[in-house]
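The values are calculated or read from the model by the stated rules, or taken from the named source; none is laboratory data. In this text the structure is predicted, and so the values were computed from the model without any measurement. Methodologically, a virtual Cβ is constructed for each residue, glycine included, from the backbone with ideal geometry; neighbour enumeration extends over all protein chains shown. SASA here: full protein model, heavy atoms, side chains in, ligands and nucleic acids out. Shrake-Rupley method; radii C 1.70, N 1.55, O 1.52, S 1.80 Å.
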Amino acid sequence: MKHWKALAVTSLLAFPVSGLAADISATLYKNPNCGCCAEYAKYLEQNGFDVETIDTHDLVKMKAEYNIPEELHGCHTTVVGDYLFEGHVPVESVTQVLDEKPSIIGLSVPGMPLGSPGMSGEKRGPLEVYAIASQSTESPDIYATH
C-alpha cells in the first residue's frame, strides 16, 4: 500500500505549474509594436493560460479606467478573472492571487525590468511585485519578491 501512496505523491509532483493554470482565460492588452508583451503572452501560455492578445493604443486610458496608480503602470495589462496584472508579473504570483483571492485590484511589476518574465536581458537583483490596492495608499505594498 505504501508503494501506491509514494507513486501518487510522485505523480502529483511531476505536474508542471502549467497543469495548475490549465483552462484559465487571460486577456492581455498591449501596444501593437511591443515585442516583450508578445513574449509575456507566450510565457503565460507556456504555463497553461489561454491568452487572448488585444492590440491597443489606449493603454494609458485603460489603466486610468481601472484606477491603476501611475507609479504601478506596467508595459501591458493582463486581465484574469476579476484581477489585473500589470507588466511582467511572474506566474507564481498570478496563480497565488487566483488561488487566495485577496481584496486587491491586482498585481504590478512596474516598467520593464530586464530578466523578468517575457523580458530579455539579465535580471539585476530581486524582482518586486506590488499589490494594486482597492483604495489608494501612500505607497504600494510589496506582494512578493522573486
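A few remarks follow.
- Considering only residues in region 1-59 that are at pLDDT below 95 and among the aromatic types (Phe, Trp, Tyr), the one that is most open to solvent (accessible area, probe 1.4 Å) turns out to be 4.
- Residues located in region 100-109, provided they are open to solvent by 40 Å² or more (accessible area, probe 1.4 Å) and either in contact with a helix residue (DSSP H, G or I) (Cβ under 6 Å, 6 or more places away or on another chain) or basic (Lys, Arg) (or both): 101
- Region 116-132, subset in contact with a His (Cβ under 8 Å, 6 or more places away or on another chain) and in contact (Cβ under 8 Å) with a residue 60 or more places away in the chain, residue surrounded by the most Cβ atoms within 10 Å (Cβ to Cβ): 117
- Hits in region 72-99 - residues which are surrounded by 22 or more Cβ atoms within 10 Å (Cβ to Cβ) and charged (D, E, K, R): 86
- Some residue of region 114-134 being assigned to a helix (DSSP H, G or I) and modelled with pLDDT of 90 or more: no
- Answer residue from region 135-146, given it is out of contact with any strand residue (DSSP E or B) (no Cβ under 6 Å at 6 or more places or on another chain) and more than 21 Å from residue 41 (Cα to Cα) and is most open to solvent (accessible area, probe 1.4 Å) among those: 138
- Test set (1) over 13 Å from the mean Cα position of the chain (by Cα); (2) open to solvent by less than 20 Å² (accessible area, probe 1.4 Å) - residue 62 fails condition number: (2)
- Taking the criterion of being touching a Ser or Thr at 6+ places or on another chain (Cβ under 6 Å) and over 21 Å from residue 47 (Cα atoms), the only residue of region 106-129 that qualifies is 126.
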